[in-house]
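Peer 1: Here's a structure for you.
The values are calculated or read from the model by the stated rules, or taken from the named source; none is laboratory data. Being a predicted model, the structure only gives us computed values, none of them experimental. A quick note on method: Cβ atoms are made from the backbone with ideal geometry, for glycine too, and the neighbour counts reach across all protein chains shown. For accessibility, only protein heavy atoms count, side chains too; no ligands or nucleic acids. Shrake-Rupley method; radii C 1.70, N 1.55, O 1.52, S 1.80 Å.
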Amino acid sequence: MEQAQSLWQFMRQESAKLLQQTFEHIGLTFISLLIAILIGLPLGIYITRHKKAAGSVLGLAGVLQTIPSIALLGFMIPLLGIGPLPAITALFLYALLPIIRNTYTGINGVDPLVKEAAVAMGMTRWQLLFRVELVLAFPVIMAGIRTATVINVGVGTLAAYIAAGGLGEFIFGGIALNNTNMILAGAIPAALLAILLDFLLSLVQKMGRRKRQATLWAMPIVLLVFSSFYVLPLGYSSRLLAGFTPEFMGRSDGDIGLRAVYGLKIRTVVISDAVMYKAAYEKKLDVISGYSTDGRLKTYDLLTLDDDRRIFPPYYAAPVIRKEVLERYKDLGPVLNKLAGRINDSVMTELNYKVEHLGQPPEKCARDFLVQQGLYRDPAPAAEGTIRLGSKIFPEQYILLHMYAMLIRGYMGLQVETKTGLGGTKICFTALLNNKIDMYPEYTGTALLAILQSPKEDVQRLGGHRDSVYQYVKRSFDEKYQLTWLDPIGFNNAYALMMRRSQAQQLGIHSISDLTTYLKKNKR
Amino acid sequence: MIEVKNITKTFDGATAVDHVSFTVQEGESFVLLGRSGCGKTTLLKMINRLIEPSSGEIRINGKLTQEGSPEVLRRSIGYVFQNTGLFPHYTIAENIAIVPRLLGWEKEKIRQRTISLMEKLHLPSTYLSSYPHQLSGGQQQRIGLARALAADPPILLMDEPFGALDPITRTSLQKDFKELDELKSKTIILVTHDVQEAFELADRICLMDKGKIVQAGKPEELLFHPADEYVKGFFDDQRFQLEVRMIGPDDYPALVKAFNHFKTRQS
Ligand SMILES: Nc1ncnc2c1ncn2[C@@H]1O[C@H](COP(=O)(O)OP(=O)(O)OP(=O)(O)O)[C@@H](O)[C@H]1O
Ligand SMILES: [Mg+2]
């Protein structure tokens, strides 16, 4: 009950955004539907007249249908960039098959005797089409349009991944922030929208044929009206365009902080981090919110802007380990700390780059690094005992995990059990707390904000200083959970704003303050 | 006047209609008779260009049908299908009004024409706002006829118009059909495989076999002066009834002769 109430509160509080996203969603759905009808209907009619083309047209539309939606959106980016254009194109492609197929089967299903009679009466081809075939095929064609509409509402949520807005912004933001209310605030309206549109269209479908003719004329107008709901989700107009992840948009140490602390006013779109870096590289975006050790920084030659007013809390990585394990194996702490201070930001970026971009197995990457550092040892003679290591699902954590596993085997001869891919923070931490794993690498910022959910005053007092945050987190974990933070590994995988290196240099932008100043000076 | 000259139609090498020629005079009822598959429907459809001939030509009142638009041609020719071919999404009134509407008649003129046709075909005007599926088969066939007649075309093509009906309905519809004044002045080509129906309705009969005309002429010519064994054989089953019908009840000696003839053949 409490959940329901706070969901309602969330929706009230965010009603303006919700309304905008809903309108965007309806707009996206209908623009693509309109185009799909404008192209699919004539194409469907065409292949009833040219049966030889029918196979290939239906086959092609069918293949398009089977491309996973995320992949289709991915393909669109190099061709059409980000924003509404690729989103509408992808939605349009999905809507195409049901419309073509149902137009084709609908018209083919009209009694041939009736068609022949129409011709025998002296109807022209167009009269036959509009007065007989389309009217009789109407329920079948409408069923296709219904299917297409529901598909579009569903796939439309993914538009948020490529900066086209819609209810997906809440859904994916909510997933990233582990905010159930936010997820529901996007998912429930999307589901209701699908149900409502499906219901309304089912009424149209069952309509008597007198009303059908009127509907055929009214449809394009209704479609156009709904299509116009789509207004570009742009806040400010500015020289540069920013793309932030749904998560970043919702965080106080994200977009909100940028506005409050820096006074940054930049035209912003919401986008998935899966495509964000590439979009920046391809000059579709100028500023993005990334992670400072992401391998793609190197892949796409992006520059991290200096956070000169420290709104992004430090995310220094260090192993978090259960105290009792540390006490049982006296050597374990020193062995794990062999890595401390060895990996700085650029080294970590390099390692991530090798795995993400060059496709090296994390294990090889880990071993090469240890060898190069002179830390690698072949497994020591087997000793009694097993250490269970966990990691979240992304490359950086895999690499670290393998390094720790190699160190433990090499220096202590203990058994190592690795549990990779424990989802996000929540799953890893819960596993550690419940004695399912013994240790995993965590980040100070995540611990501060997501796990400890520290009060605002504490966070402000710490002021984003590396050491004070580390000490605070270490102390709190020890008191609250009997967990020990070992020494930081060295790199800071914090949020960061990034730009293309070339552009940043050309505009003389090194820090976020520089960026703010540039935008203020160069208002459009 | 309809002149068919040397008309041939082949479907993928199979000849359905084979060098057929005939002329139908204005106001004449011309019946195409023959067994199933002999090419009657194909021949009929070539007259209003539902099927384009492979070779040969057709003239209506001296004008080649191939010249000019097929739609204009078809609007001037009534066509009745065996299975009505009514539009399921049109009311009875709208079905009847199809051709007049295509021809751009005024609403009031169409309405009056519809009502008068309904009367002539003995259909209650309450049906006008019904849909075809709400009517019986016989009633639907009457509507099919009304639709063909709606724009008062000089020519009427009918493809087994009574073929799908039960015998009693068929007889009553044939009777009404014969009595319809409108039809007296029309040039009619009617397709049937029913010999009795052919003799009932025809001014001239054209007997076909395997896409060719075997004999064309007045009913009595085919009956009493068959061109060959096929024609003779074709009527043998029903020769007695047909002869009685030809002779009429008054010519007693002729009737006796026919009866004796029938008896000798039976034994
Ligand atoms: N569209 C077509 N394609 C191929 N063959 C056809 C086509 N229409 C008719 N035929 C063939 O042409 C021949 C004559 O057919 P048609 O329909 O004219 O016969 P019919 O005399 O009307 O027969 P029925 O009394 O059974 O209606 C048949 O052998 C038929 O199979
Ligand atoms: Mg036939």
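Peer 1: Give me a single rounded figure for B:81-90: the average over its residues of other chain Cβ atoms within 10 Å of their Cβ. Mind dumping the intermediate values first?
Peer 2: Details: counts 5, 1, 4, 3, 10, 3, 10, 7, 12, 5.
Other-chain Cβ atoms within 10 Å of each residue's Cβ, averaged: 6.
Peer 1: Using a 1.4 angstrom probe and counting only protein chains, how large is the accessible area of A:ASP467 in Å², to 10?
Peer 2: Spelled out: A:ASP467, probe radius 1.4 Å, area about 100 Å².
Peer 1: Could you tally the net charge around B:PRO167, taking each other residue with its Cβ under 12 Å from the Cβ of B:PRO167, Lys/Arg +1 and Asp/Glu -1? Display every interim value, and only then the final one.
Peer 2: Details: positive: B:ARG170; negative: B:ASP166, B:ASP194, B:GLU197.
Overall, the nearby charge balance is -2.
Peer 1: Could you work out how far apart the two model spin labels at B:SER55 and A:ALA260 are, taking each label as a point 7 Å from the Cα in the direction of the beta carbon, and quote it in nm?
Peer 2: A separation of 9.4 nm, rounded to one decimal place.
Peer 1: Out of all DSSP beta bridges in the stretch A:317-492, what portion is antiparallel? Express it as a percent rounded to 5.
Peer 2: On the way: 8 of 15 bridges.
In the stretch A:317-492, DSSP labels about 55 percent of beta bridges as antiparallel.
Peer 1: Could you give P(r) for the stretch A:435-503, binned at 5 Å from zero, as whole percent values over all Cα-Cα pairs?
Peer 2: The percentages, shortest bin first, are 3, 14, 25, 23, 15, 8, 6, 3, 2, 1.
Peer 1: Can you pull out the trypsin sites (Lys or Arg not before Pro) in the stretch A:262-356 whose DSSP state is coil and whose Cβ has at most 10 other Cβ atoms within 10 Å?
Peer 2: Numbers: sites: A:LYS265, A:ARG267, A:LYS278, A:LYS283, A:LYS284, A:ARG296, A:LYS298, A:ARG309, A:ARG310, A:ARG322, A:LYS323, A:ARG328, A:LYS330, A:LYS338, A:ARG342, A:LYS354; in loops: A:LYS265, A:LYS283, A:LYS284, A:ARG309, A:ARG310, A:LYS330, A:ARG342.
Here the trypsin sites (Lys or Arg not before Pro) that fit, given the DSSP loop and packing criteria, are A:LYS330.
Peer 1: For the stretch A:317-492, count the residues as N, evaluate 2.2 N^0.38 Å, and divide the Cα radius of gyration by that value, please. List each step's numbers first, then the result.
Peer 2: Details: Rg = 15.8 Å, N = 176, 2.2 N^0.38 = 15.7 Å.
Normalised Cα radius of gyration, the stretch A:317-492: 1.01.
Peer 1: On to the next question. Calculate, for B:ASP203 and B:GLN134, the FRET efficiency according to 1/(1 + (r/R0)^6) with r their C-beta to C-beta distance and R0 45 Å; round to the nearest 0.05.
Peer 2: On the way: r = 36 Å, r/R0 = 0.81.
The pair B:ASP203/B:GLN134 has a calculated efficiency of 0.80.
Peer 1: A further question on this structure: Could you tally the net charge around A:LEU19, taking each other residue with its Cβ under 14 Å from the Cβ of A:LEU19, Lys/Arg +1 and Asp/Glu -1? Before the final figure, lay out each step's value.
Peer 2: Numbers: positive: A:ARG12, A:LYS17; negative: A:GLU14, A:GLU24, A:GLU169.
Charge balance near A:LEU19 sits at -1.
Peer 1: Another one. What number comes out for accessible area per residue over chain A if the probe is 1.4 Å? Units Å², please. Each step should come with its number before you reach the end.
Peer 2: Working: 23240 Å² over 524 residues.
Averaged over the residues of chain A, the accessible area is 44 Å².
Peer 1: Moving on to the next point. Within the stretch B:47-87, whose backbone N sits under 14 Å from a point 7 Å along Cα→Cβ of B:THR15?
Peer 2: Counting only backbone N, you get B:54-56.
Peer 1: Given R₀ = 41 Å, FRET efficiency for A:ARG461-A:ILE67 by Cβ-Cβ distance, to 0.05? Walk me through the numbers on the way to the answer.
Peer 2: Values: r = 51 Å, r/R0 = 1.24.
For A:ARG461 and A:ILE67, the calculated efficiency is 0.20.
Peer 1: Report the residues of the stretch A:405-420 in range of a label on A:ARG367: point 7 Å along Cα→C-beta, backbone N strictly under 12 Å from it.
Peer 2: A:406
Peer 1: Hey, what did the stretch A:317-492 get for relative contact order, percent, Cα under 8 Å, at least 6 apart? Walk me through the numbers on the way to the answer.
Peer 2: Details: 262 pairs, mean separation 65.7, N = 176.
Reported relative contact order: 37 percent.
Peer 1: Next up: Are there trypsin sites (Lys or Arg not before Pro) in the stretch B:32-75 that DSSP puts in a loop and that have at most 14 other Cβ atoms within 10 Å, and which ones?
Peer 2: Numbers: sites: B:ARG35, B:LYS40, B:LYS45, B:ARG49, B:ARG59, B:LYS63, B:ARG74, B:ARG75; in loops: B:ARG35, B:ARG49.
In loop regions of the stretch B:32-75 (DSSP not H, G, I, E or B), the sparsely surrounded trypsin sites (Lys or Arg not before Pro) are B:ARG35.
Peer 1: Something else: Could you order peptides B:119-127, A:82-90, A:42-50 by the average number of other Cβ atoms within 10 Å of their residues, highest first? Write out the running numbers ahead of the final one.
Peer 2: Details: B:119-127: 14.0, A:82-90: 24.1, A:42-50: 17.2.
Highest-to-lowest ranking by the protection proxy: A:82-90, A:42-50, B:119-127.
Peer 1: Follow-up. Compute the relative contact order of chain A as a whole-number percentage, counting only Cα pairs closer than 8 Å that sit 6 or more residues apart in sequence. Present the calculation step by step, with values, prior to reporting the outcome.
Peer 2: On the way: 890 pairs, mean separation 86.4, N = 524.
Relative CO of chain A lands at 16 percent.
Peer 1: Continuing with this model, one more query. Among rounded, prolate and oblate, which fits chain B when a ≥ b ≥ c are the square roots of the eigenvalues of its C-alpha gyration tensor, a/c under 1.5 means rounded, and a/b larger than b/c means prolate?
Peer 2: Details: a/c = 2.12, a/b = 1.35, b/c = 1.57.
Since a/c reaches 1.5 but b/c is at least a/b, the shape of chain B is classed as oblate.
Peer 1: Quick check: the angle from helix B:137-149's long axis to the longest principal axis of chain B, C-alpha only, nearest 10 degrees?
Peer 2: 70 degrees
Peer 1: Over the protein assembly as shown, consider all pairs of different Cα atoms and compute the Kirkwood hydrodynamic radius from their mean reciprocal separation; express it in Å, one decimal. Mind showing how you got there, number by number?
Peer 2: Working: mean 1/r = 0.0296 Å⁻¹.
Taking the inverse mean of 1/r over all distinct Cα pairs, the protein assembly as shown comes out at 33.8 Å.
Peer 1: Right, here's the next one. Can you give the % of DSSP beta bridges in the stretch B:125-244 that are antiparallel, to the nearest 5? Write out the running numbers ahead of the final one.
Peer 2: Working: 5 of 10 bridges.
Beta bridges within the stretch B:125-244, antiparallel portion: roughly 50 percent.
Peer 1: Residues with amide H under 5 Å of B:SER130's amide H, sequence separation 5 or more or different chain, H placed in the peptide plane at 1.01 Å from N; which?
Peer 2: It is B:ILE92, B:ALA93, by chain and number.
Peer 1: Assuming 0.36 nm per residue, please report the length gained on full extension of the stretch A:LEU113 to A:ARG501 beyond their Cα-Cα distance.
Peer 2: Working: separation 388, 0.36 × 388 = 139.68 nm, distance 7.00 nm.
Going from the current span to full extension adds 132.7 nm.
Peer 1: While we're on this one: Measure off 7 Å from each Cα along the Cα-to-Cβ vector at A:THR418 and A:ALA274, then give the distance between these two points in nanometres to one decimal.
Peer 2: In this crude spin-label approximation the distance works out to 2.4 nm.
Peer 1: Per-residue Cβ counts within 10 Å, from other chains only, averaged over B:143-154: what number is that? Walk me through the numbers on the way to the answer.
Peer 2: Working: counts 0, 1, 0, 0, 2, 3, 0, 1, 2, 0, 1, 0.
Other-chain Cβ atoms within 10 Å of each residue's Cβ, averaged: 1.
Peer 1: Under 5 Å between amide H atoms, partner at least 5 residues away or on a different chain: which partners does A:ILE387 have, H built in plane at 1.01 Å?
Peer 2: Correct list: A:GLN415, A:VAL416, A:GLU417.
Peer 1: With a cut-off of 8 Å between alpha carbons and a minimum separation of six or more residues, what is the relative contact order of the stretch A:255-410 in percent?
Peer 2: Values: 116 pairs, mean separation 35.6, N = 156.
Computed over the stretch A:255-410, the figure is 23 percent.
Peer 1: Something else about it: Say a paramagnetic label sat at a point 7 Å from the Cα of A:MET219, along Cα to Cβ; which residues of the stretch A:81-95 have their backbone N under 20 Å from it?
Peer 2: In the stretch A:81-95, the label zone of A:MET219 (backbone N under 20 Å from the point 7 Å along Cα→Cβ) covers A:91-95.
Peer 1: What do you get for trypsin sites (Lys or Arg not before Pro) in the stretch A:113-211 restricted to DSSP loop and a cutoff of at most 12 other Cβ within 10 Å of the site's Cβ?
Peer 2: Working: sites: A:LYS115, A:ARG125, A:ARG131, A:ARG146, A:LYS206, A:ARG209, A:ARG210, A:LYS211; in loops: A:LYS206.
Qualifying residues, ordered by number: A:LYS206.
Peer 1: Can you give the % of DSSP beta bridges in the protein assembly as shown that are antiparallel, to the nearest 5? Could the numbers behind the result be given before it?
Peer 2: Details: 37 of 70 bridges.
Among the beta bridges of the protein assembly as shown, antiparallel pairing accounts for roughly 55 percent.
Peer 1: From the helices alone, meaning DSSP H stretches of at least four residues, give me the mean residue ellipticity at 222 nm for chain A, per-run term -39500 (n - 2.57), in deg cm²/dmol to the nearest 500.
Peer 2: On the way: 23 runs with 305 residues, N = 524.
Here the helix-only value at 222 nm equals -18500 deg cm²/dmol.
Peer 1: Another question, then. In terms of the Cα gyration tensor, with a ≥ b ≥ c the square roots of its eigenvalues, is the stretch B:1-69 rounded because a/c is under 1.5, prolate because a/b exceeds b/c, or oblate? Working shown, then result.
Peer 2: Details: a/c = 2.03, a/b = 1.24, b/c = 1.64.
Taking the square roots of the gyration eigenvalues as a ≥ b ≥ c, the stretch B:1-69 is oblate.
Peer 1: Quick check: from the Cα gyration tensor, does the stretch B:85-239 come out rounded (a/c under 1.5), prolate or oblate? Numbers along the way, then the final one.
Peer 2: Values: a/c = 2.61, a/b = 2.11, b/c = 1.24.
Here the stretch B:85-239 falls in the prolate category.
Peer 1: Further, regarding this structure: How large is ³J(HN,Hα), in whole Hz, for each residue of the stretch B:193-205 in order, when computed from phi with the Karplus curve 6.51 cos²θ - 1.76 cosθ + 1.60 and θ = phi - 60°, using x for Gly and Pro?
Peer 2: My calculation for the stretch B:193-205 gives 10, 9, 4, 4, 5, 4, 5, 5, 10, 8, 7, 9, 10 Hz in order.
Peer 1: Then there is this: Take A:ASN434 and B:GLU221, extend 7 Å from each Cα along the Cα→Cβ direction, and tell me the distance between the two endpoints in nm.
Peer 2: For A:ASN434 paired with B:GLU221, the spin-label model returns 10.2 nm.
Peer 1: Next question, about the same structure. Can you pull the percent of the stretch A:317-492's accessible area that's carbon plus sulfur, 1.4 Å probe, other chains left in place? Working shown, then result.
Peer 2: Values: 3830 of 8050 Å².
Ligands and nucleic acids excluded, carbon and sulfur give 48 percent.
Peer 1: So if we plug the beta-carbon distance of A:ARG125 and B:ARG245 into 1/(1 + (r/R0)^6) with R0 = 30 Å, what FRET efficiency do we get, rounded to 0.05?
Peer 2: Working: r = 46 Å, r/R0 = 1.54.
My answer for the efficiency is 0.05.
Peer 1: Determine the shielding of peptide A:134-144 by partner chains: average, over its residues, the number of Cβ atoms on other chains within 10 angstrom of each Cβ. Please list the in-between numbers first.
Peer 2: On the way: counts 0, 4, 3, 0, 1, 0, 0, 0, 0, 0, 0.
Rounded to a whole number, the mean comes out at 1.
Peer 1: If you don't mind, another one. Under a Cβ-Cβ cut-off of 12 Å, what is the net charge of the residues other than B:LYS218 that fall near it, where Lys and Arg count +1 and Asp and Glu count -1? Display every interim value, and only then the final one.
Peer 2: On the way: positive: B:ARG204; negative: B:GLU28, B:ASP203, B:GLU220, B:GLU221.
Here the count lands on -3.
Peer 1: Now for a different question. Could you calculate the contour length gain from A:ALA191 to A:HIS50, that is, 0.36 nm times the residue separation minus the distance between their Cα atoms, to one decimal place in nm? Numbers along the way, then the final one.
Peer 2: Values: separation 141, 0.36 × 141 = 50.76 nm, distance 3.87 nm.
Working it through step by step, the gained length comes to 46.9 nm.
Peer 1: In vacuo Debye scattering of the stretch A:66-161, one point per C-alpha: log10 I(q)/I(0) at q = 0.16, 0.17, 0.22, 0.25 Å⁻¹?
Peer 2: -0.70, -0.74, -0.98, -1.15
Peer 1: P(r) of the stretch A:2-231 in 10 Å steps, Cα pairs, percent per bin?
Peer 2: Result returned by the calculation: 8, 30, 31, 19, 9, 3, 1.
Peer 1: In addition: Full-extension gain between B:GLU179 and B:GLU229, please, as 0.36 nm times their residue separation minus the C-alpha to C-alpha distance. Mind dumping the intermediate values first?
Peer 2: Working: separation 50, 0.36 × 50 = 18.00 nm, distance 3.48 nm.
Extending this stretch completely gives an extra 14.5 nm.
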